[in-house]
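Novice: Got a structure here, written out as structure tokens. Questions coming.
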């Protein structure tokens, strides 16, 4: 586990190779624009420095290109054992609204509402949130510097010029079956073997280590306006369907109450498409009872190029959905 020293090195490394954008002090940080990886790392450093009682930033490993994989732990140390919620964003590089939401979520929880919102205070007193603002750090950086529509990681494959693996097809759950490709040049390439990507391996190891504590897994993607739950890889009903379906229904209802945006919800295989080797199914199969994947705005008009003017409405409505799921977890989940 690497703490603030590694974070400072990462900030200095990125600052030396890329021009800063909208980078100011934490109090002036603009959450209504998209940020480069260097901006996000600087933000992490400032956050860790200014909110030590509520925030802890640490690394769980390194990417293929050597970048630290940072996690933010949110929550008060109020008791010896606390359940936890995992949140990750940016598993696919081009889906910039994901990392934008993760940053928005951290600001809302740690900076703005903890002291004024009783529900938020209850959540942070009884739960930890583990937030990974950018899962696919190499791919995200590449989407800023070379190819805005890049999806995969940046690992090299022997005998092929094509680079990268779909980090959401690389998990050990029906790996490289329907909805994934065995060809390295395809966007849904599953990789040479499960957890071949250091990013996936690091997250899987962390989740395995803390699986008794982590009771919900939330992954943020774009686009489609959907709230999905297992299974993705088969047409079947999960054992705790009634409880998960109820939580999803309440979450999309809460989301719609903000701006009137409608989200479909249901099992991923039926609501979106069949896919194998993804993180949500893996989390569920490894003992995390509430596993969800959000497909954020929109439904195709802007697609991956969701304009910055829609960051705020997207994040405010999604925030309410996540809060709703979390309160359900506190009330219902064993």
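Novice: When you go through 167, 180 one by one, which is the residue that is within 17 Å of residue 66 (Cα to Cα) and either modelled with pLDDT of 95 or more or crowded, with 19+ Cβ neighbours inside 10 Å (or both)?
Specialist: Step by step, each of 167, 180 is checked, and only 167 is within 17 Å of residue 66 (Cα to Cα) and either modelled with pLDDT of 95 or more or crowded, with 19+ Cβ neighbours inside 10 Å (or both).
Novice: Condition first: modelled with pLDDT under 95 and buried (at least 24 other Cβ atoms within 10 Å of the Cβ). Now tell me which residues in segment 205-239 satisfy that.
Specialist: none
Novice: When segment 32-55 is examined, which residues are found to be crowded, with 20+ Cβ neighbours inside 10 Å, at pLDDT 95 or above and outside any helix (DSSP H, G or I)?
Specialist: Correct list: 35, 36.
Novice: Taking the criterion of being within 18 Å of residue 73 (Cα to Cα), at pLDDT 55 or above and out of contact with any strand residue (DSSP E or B) (no Cβ under 6 Å at 6 or more places or on another chain), would at least one residue in segment 14-25 satisfy it? Break it down stepwise before answering.
Specialist: Of all residues in segment 14-25, those within 18 Å of residue 73 (Cα to Cα) come to none.
No, that holds for no residue.
Novice: Does residue 216 count as touching a helix residue (DSSP H, G or I) at 6+ places or on another chain (Cβ under 6 Å) and under 30 Å from residue 327 (Cα atoms)? Before the answer, list the steps.
Specialist: Working: touching a helix residue (DSSP H, G or I) at 6+ places or on another chain (Cβ under 6 Å): yes; under 30 Å from residue 327 (Cα atoms): yes.
In short, yes.
Novice: Can you spot a residue in segment 134-155 that is farther than 27 Å from residue 38 by Cα, surrounded by fewer than 23 Cβ atoms within 10 Å (Cβ to Cβ) and in contact with a helix residue (DSSP H, G or I) (Cβ under 7 Å, 6 or more places away or on another chain)? I'd like the intermediate steps shown before the answer.
Specialist: Start the filter on segment 134-155 by keeping residues that are farther than 27 Å from residue 38 by Cα, which leaves none.
No, because not a single residue in segment 134-155 is farther than 27 Å from residue 38 by Cα, surrounded by fewer than 23 Cβ atoms within 10 Å (Cβ to Cβ) and in contact with a helix residue (DSSP H, G or I) (Cβ under 7 Å, 6 or more places away or on another chain).
Novice: Would you point out which residue out of 294, 302 is buried (at least 23 other Cβ atoms within 10 Å of the Cβ) and touching a helix residue (DSSP H, G or I) at 6+ places or on another chain (Cβ under 9 Å)?
Specialist: Numbers: 302 fails: buried (at least 23 other Cβ atoms within 10 Å of the Cβ).
From the options 294, 302, the qualifying one is 294.
Novice: Right, next: Considering each residue of segment 308-333, count those that are over 20 Å from residue 105 (Cβ atoms) and free of Cβ contacts under 8 Å to residues at least 60 places away in the same chain, and give that number. First the steps, then the outcome.
Specialist: First pass over segment 308-333, keeping only residues over 20 Å from residue 105 (Cβ atoms): 331-332.
Filter once more, so that each one left must be free of Cβ contacts under 8 Å to residues at least 60 places away in the same chain: 331.
Final tally of qualifying residues: 1.
Novice: Of 86, 104, which residue is touching a residue at least 40 places away in the same chain (Cβ under 8 Å) and more than 16 Å from residue 217 (Cβ to Cβ)? Full working, then the answer.
Specialist: Values: 86 fails: more than 16 Å from residue 217 (Cβ to Cβ).
Only one candidate qualifies: 104.
Novice: Report those helices (runs of 4 or more DSSP H) wholly inside segment 83-164 carrying at least 1 residues which are under 20 Å from residue 318 (Cα atoms) and more than 15 Å from the chain's Cα centre (by Cα). Explain how you work it out, then say what you get.
Specialist: Numbers: elements: 97-106, 118-126, 137-145.
The qualifying helices (runs of 4 or more DSSP H) are 118-126.
Novice: For residues that are in a loop (DSSP other than H, G, I, E, B) and under 20 Å from the mean Cα position of the chain (by Cα), scanning just segment 67-82, find the one that is modelled with the highest pLDDT. First the steps, then the outcome.
Specialist: Initial filter on segment 67-82 (in a loop (DSSP other than H, G, I, E, B)): 67, 75-82.
Next, only the ones that are under 20 Å from the mean Cα position of the chain (by Cα) stay: 67, 75.
Values: 67: 98, 75: 91.
Per the criteria, the residue is 67.
Novice: Then there is this: Only residues that are within 18 Å of residue 285 (Cα to Cα) and either over 18 Å from the mean Cα position of the chain (by Cα) or assigned to a loop (DSSP other than H, G, I, E, B) (or both): list them for segment 180-211, please. Outline the logic, then answer.
Specialist: Filtering segment 180-211 for residues within 18 Å of residue 285 (Cα to Cα) gives 194-195, 200-211.
Within segment 180-211, 194, 195, 209, 210, 211 meet the criteria.
Novice: For residues that are in contact (Cβ under 8 Å) with a residue 24 or more places away in the chain and surrounded by 14 or more Cβ atoms within 10 Å (Cβ to Cβ), scanning just segment 241-252, find the one that is farthest from residue 179 (Cα to Cα). Show your work before the answer.
Specialist: Keep residues of segment 241-252 that are in contact (Cβ under 8 Å) with a residue 24 or more places away in the chain, which gives 243-244, 246-248, 250-252.
From the residues that got through so far, the ones that are surrounded by 14 or more Cβ atoms within 10 Å (Cβ to Cβ) too are 243-244, 247-248, 250-252.
Working: 243: 27, 244: 24, 247: 27, 248: 24, 250: 29, 251: 27, 252: 26 Å.
Ranking the candidates gives 250 first.
The values are calculated or read from the model by the stated rules, or taken from the named source; none is laboratory data. Keep in mind the model is a prediction, meaning the values are calculated, not measured. Every residue, glycine among them, receives a Cβ derived from its backbone with ideal geometry; neighbour counts consider all protein chains shown.
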